[in-house]
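Colleague: Following this message is one structure expressed as C-alpha cells.
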Amino acid sequence: MPPKKPTKYRNRRSAAPSHQTLAEKGKGRRRGEDDDITEVGDPDDWLNGKTMVKPEDQLNLTEAELKEEITRILTANNPHAPQNIVRYSFKENTYKQTAHVDQLAVHFTLDGNLLHKESDEARRQLARQGLAEAPPEEETAEDEIEKVEEVKADADEDGTSPEPKTGGAKKLTNQFNYSERASQTYNNPYRERGTATEPPPRATYSSNASQWEIFDAYQEDFERQERSKEKKLPGKKDESKTKKKLSSMDGQSDSIGYIEAAARIIERMINQNTFDDVCQDFKYYEDASDEYRDQEGTLLPLWKFAYDRSKKLAITALCWSPKYRDLFAVSHGSYDFMKQAKGMICFYTLKNPSFPEYTFPTDSGVMCIDIHAEHPYLIAAGFYDGSVGVFNVTEGKTSAQYMSTAKNGKHTDPVWQVRWQKDDLDNNLNFYSISSDGRVVQWTLVKNELHHHDVIRLSLAEAADEGPDGAKLATLSCGTTFDFHPQTDYMFLVGTEEGKVHKCSKAYSTQFLDTIDAHHMAVYKVTWNTFHPKIFITCSADWTVKIWDHAVKDPMFTFDLNSSVGDVAWAPYSSTVFAAVTADGKVFVYDLNINKYEPICEQSVVAKKKTKLTHISFNPYHPILIVGDDRGYVTSLKLSPNLRKMPKSANATFDRRAKGQAKKGAVVEITPEGEIAKMDKLLALVREPDTAKKN
C-alpha cells in the first residue's frame with residue numbers, strides 16, 4: 001500500500017482577518033488552488049494593546065486644569081424640600097412663613113412583624129407551634145413577685161437560705177427589657193410657632209325665643225327702667241348743678257376761644273415785625289432789571305414754610321383757600337414705598353410763616369387734598385392706604401369727621417387725587433377720588449356716613465389675560481390724576497400710569513369717550529385751561545409738558561424740560577401762562593404769547609441738588625406762587641413784572657405799559673373772551689388747515 005500523506009490541519013485563528021478583509025483575500029484565490037497551506041496571523045497583533053479614540057467634542061484642558069481639584073460638599077438638606085411653606089398665625093391674623101422645613105427623605109419603609117423571643121407573645125406563638133411551653137396567661141409579674149416574697153419569708157422562718165431551683169425552675173421575665181437596634185433617625189424639628197399659638201376663644205351659644213321668654217325680658221327691662229327713675233327723682237338739685245357747670249364750661253370755652261384769637265393776632269404782629277423786609281418785598285418790590293431783559297423774568301423768594309413734625313415728609317399737595325386769600329393747605333406724605341409713615345395736613349397763612357394755623361395728624365400718609373369752594377372749612381383728603389376722609393376745621397378735632405373703611409368701599413391702592421363737585425339732587429355734598437386700583441369713585445356725605453359709587457373703571461384696551469381655568473381676566477389701568485371740565489359738568493379727563501389720557505363721562509361707566517396716547521411714562525397732572533374750554537395741559541415723568549386740544553389727538557405744543565415734571569399749573573390771570581416744577585429743583589414759567597419755544601423764566605429754588613420739587617400752585621389774587629419739595633418745605637415766590645400782568649384794581653385790569661405792548665395810558669381789561677381769542681390766535685398758527693376749518 002502507498003504511504004498515507006500526512007494530514008494538514010488549518011489554523012482556526014487565521015480565520016479572523018488581521019489587516020486584510022476576507023473579501024480582499026478571496027480575490028486572490030481561484031477554485032482549484034491548494035487550500036491545505038496553514039495560515040498564521042501576524043504576531044504583532046497579539047502584542048499591540050487597544051488604542052483610545054478621542055471624541056471630536058472633547059474639551060482640550062491644560063495640565064493645570066486637569067490637576068485642579070473640584071470640591072463638592074454633601075449636605076443633609078433635601079433639595080426638593082419647599083422653602084416657602086406658610087401657615088396661618090392666629091396671634092397676628094396673617095399667614096407667616098415657617099422657620100423649619102423637614103429635610104428627611106424616606107426611600108424605603110417596611111412594617112415588620114418581629115417579636116423578641118423572651119416576650120410573652122413570642123412564647124405563646126412558640127407554644128402553639130409546639131416548640132416550647134407557653135407561659136400561663138393568667139400569671140403576671142405581680143404574682144411572680146409575690147411568690148418570691150413568700151419563698152424569702154419561708155426561708156427567714158426556717159433560718160435557712162432557700163436553695164436555688166434547677167432544672168424546671170422558671171426564669172422571671174425582665175419587665176424593663178429593651179433592645180438597641182440601628183435605625184435611620186433625624187433631628188427633632190423645632191416647634192412650629194405658627195401652629196403653636198392659641199386659637200381665638202370660641203363659645204357656642206344657644207337659646208330659645210318663645211313668647212313667654214320675650215314677655216319676661218320686656219318685664220325685666222321695664223322694672224329696671226322704673227328702678228333707675230326712682231333713683232333720679234330725688235336728685236333734681238344735682239341736675240341744676242350740672243346745668244350750671246355746663247354753662248360755666250361753655251363760658252370757659254368761649255373765653256379760651258377769645259384768648260386763642262388774641263394770641264394769634266399778637267403772634268402775627270410779632271412775625272410781621274420779624275419778617276418786615278419780606279413783607280415789604282411782598283407788597284411793593286418790583287424787579288427793576290426786567291426792563292433790561294429781553295421779555296424774561298425772575299422769581300423772588302419770600303417766605304419758607306415748615307413744621308418740625310413734618311420736615312421728613314414730602315409735600316404731596318397744595319391747595320389755596322377759595323375764601324381767604326392768604327390761607328393755603330399742605331398735605332404731607334411719602335412717595336417712597338419702603339418709607340411709609342404717618343402723614344399730616346397743615347394750614348399756613350402768609351401772615352404767620354413761622355407756625356401753621358391748623359394741623360391734622362393722620363395714621364397714613366396724605367397723598368392729596370381739596371378744599372370745598374362753598375364750604376371752605378371742609379377738606380377732602382386721600383391717603384396712601386386707599387382710604388379717603390373729610391376734615392372739619394370748625395370742629396376743633398384733629399380726627400376726620402368722615403372716613404372710608406374696607407366695609408364702605410375704600411380703594412385698595414393709594415389715592416392720588418380728590419376733587420369736590422357740585423351738590424347732588426338731594427343737596428348732599430360729594431367729591432370724587434382716583435386711585436391706582438383703576439377706580440374713579442364718587443363719595444357722598446349722608447348724615448355721618450360716606451356712600452360710594454364707582455363712576456368708571458379704567459380698563460386697558462389690550463386683550464384680557466386668561467386665568468388658570470381659561471376665564472378672561474380684565475386688567476385695569478392705574479389712575480394718577482383727573483380734572484373736571486369747568487363748563488361741561490359731566491365730562492372729565494383721566495391720566496394713567498401707562499401715559500394715556502382718557503376723556504370720560506359720568507353717564508358711561510364702562511367705556512371712554514376718547515383715548516389719547518399722550519406720554520411714554522406716567523401722567524402726573526392733567527388740568528383744563530382757566531379760560532379756554534377746549535384746551536388742557538399734561539405733564540409726565542418722560543420730561544415733557546404738552547398742551548392739547550381735546551378734539552385733536554396730536555399735541556398743540558410740546559416742551560422738553562430735561563427732567564421728570566412733577567406738577568404743572570395754569571396761571572389765573574392769563575390763558576397763555578403756565579408754570580411747571582421738575583425733579584432737579586427748577587421752576588419753569590412759560591408765556592406762549594411771548595415765546596412759544598423757550599421759557600421766560602428758568603430758576604432753581606432749592607439749596608440742595610438732591611431735593612426734588614413735587615408741586616406748584618398759583619395764588620388766585622396775589623402775584624405769587626408756592627412750591628413744595630420732598631423734604632417738607634414750602635417756598636413762596638413772587639413773580640417779576642415780566643412774568644405777570646399787574647392787576648391795577650379789583651376790577652381785574654392791568655397796565656401794559658410795563659411791557660411796552662400798548663400806548664401810554666392804555667388800560668385793557670382781562671375778560672374771558674379776550675383770553676380765549678388770544679389762545680385761539682396762537683393755536684391758529686399751529687393747527688393744520690383742515691382742523692382749523694372744523695374748529
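Colleague: Quick one: residue 263 ticks every box in (1) over 25 Å from residue 600 (Cβ atoms); (2) part of a strand (DSSP E or B) except a single one, so which number is it?
Modeller: Only one criterion in (1) over 25 Å from residue 600 (Cβ atoms); (2) part of a strand (DSSP E or B) is unmet by residue 263, namely (2).
Colleague: A further question follows. Among the residues in the range 103-110, are any within 30 Å of residue 198 (Cα to Cα) and either modelled with pLDDT under 85 or open to solvent by less than 100 Å² (accessible area, probe 1.4 Å) (or both)?
Modeller: Checked the range 103-110: at least one residue is within 30 Å of residue 198 (Cα to Cα) and either modelled with pLDDT under 85 or open to solvent by less than 100 Å² (accessible area, probe 1.4 Å) (or both).
Colleague: Right, another one. Counting only residues that are open to solvent by less than 30 Å² (accessible area, probe 1.4 Å) and more than 18 Å from residue 316 (Cα to Cα), how many does the range 430-445 have?
Modeller: So the answer is 10.
Colleague: Give just the number: which of (1) surrounded by 15 or more Cβ atoms within 10 Å (Cβ to Cβ); (2) over 24 Å from residue 589 (Cβ atoms) does residue 363 not satisfy?
Modeller: Tallying (1) surrounded by 15 or more Cβ atoms within 10 Å (Cβ to Cβ); (2) over 24 Å from residue 589 (Cβ atoms), residue 363 fails exactly one: (1).
Colleague: Go through the range 498-521 and give me each residue that's crowded, with 18+ Cβ neighbours inside 10 Å and farther than 16 Å from residue 553 by Cα.
Modeller: 498
Colleague: What about residue 510, is it within 32 Å of the chain's Cα centre (by Cα), assigned to a loop (DSSP other than H, G, I, E, B) and in contact (Cβ under 8 Å) with a residue 40 or more places away in the chain?
Modeller: yes
Colleague: What do you reckon, is residue 400 surrounded by 13 or more Cβ atoms within 10 Å (Cβ to Cβ), at pLDDT below 90 and over 22 Å from residue 477 (Cα atoms)?
Modeller: Yes; evaluated as a whole, the condition is true for this residue.
Colleague: Taking the condition of being touching a helix residue (DSSP H, G or I) at 6+ places or on another chain (Cβ under 7 Å), open to solvent by 70 Å² or more (accessible area, probe 1.4 Å) and hydrophobic (A, V, I, L, M, F, W, C), how many residues in the range 111-133 meet it?
Modeller: Qualifying residue count, the range 111-133: 1.
Colleague: When you go through (1) open to solvent by 10 Å² or more (accessible area, probe 1.4 Å); (2) out of contact with any helix residue (DSSP H, G or I) (no Cβ under 6 Å at 6 or more places or on another chain) one by one for residue 531, which number turns out not to apply?
Modeller: (2)
Colleague: Out of all the residues in the range 273-316, which are β-branched (Val, Ile, Thr) and open to solvent by less than 70 Å² (accessible area, probe 1.4 Å)?
Modeller: 278, 298, 315, 316
Colleague: Also, I was wondering about something else. Would you check which residues across the range 475-489 are over 19 Å from residue 370 (Cβ atoms) and open to solvent by 10 Å² or more (accessible area, probe 1.4 Å) and list them?
Modeller: Matches in the range 475-489: 475, 476, 478, 487, 488.
Colleague: Can you name every residue in the range 422-444 that is closer than 19 Å to residue 378 by Cβ and at pLDDT 90 or above?
Modeller: Passing the criteria: 429, 430, 431, 432, 433, 441, 442, 443, 444.
Colleague: Looking only at the range 66-95, filter to residues that are free of Cβ contacts under 8 Å to residues at least 40 places away in the same chain and among the hydroxyl-bearing types (Ser, Thr, Tyr); which one of those is most open to solvent (accessible area, probe 1.4 Å)?
Modeller: Per the stated criteria, the residue is 95.
Colleague: Related question: Please give the number of the condition residue 415 fails out of (1) open to solvent by 20 Å² or more (accessible area, probe 1.4 Å); (2) touching a residue at least 24 places away in the same chain (Cβ under 8 Å); (3) under 30 Å from the mean Cα position of the chain (by Cα).
Modeller: Evaluating residue 415 over (1) open to solvent by 20 Å² or more (accessible area, probe 1.4 Å); (2) touching a residue at least 24 places away in the same chain (Cβ under 8 Å); (3) under 30 Å from the mean Cα position of the chain (by Cα) leaves (1) as the failure.
Colleague: Taking residue 644 and the conditions (1) within 24 Å of residue 289 (Cα to Cα); (2) open to solvent by 40 Å² or more (accessible area, probe 1.4 Å); (3) of a type outside the set (Asp, Glu); (4) at pLDDT below 85, which numbered condition does it fall short on, given that it satisfies the others?
Modeller: (2)
The values are calculated or read from the model by the stated rules, or taken from the named source; none is laboratory data. Nothing here was measured: the structure is a model prediction, and the numbers come from that model. All Cβ positions, even for glycine, are placed from backbone atoms using ideal geometry, and neighbour counts span all protein chains on display. For accessibility, only protein heavy atoms count, side chains too; no ligands or nucleic acids. Shrake-Rupley method; radii C 1.70, N 1.55, O 1.52, S 1.80 Å.
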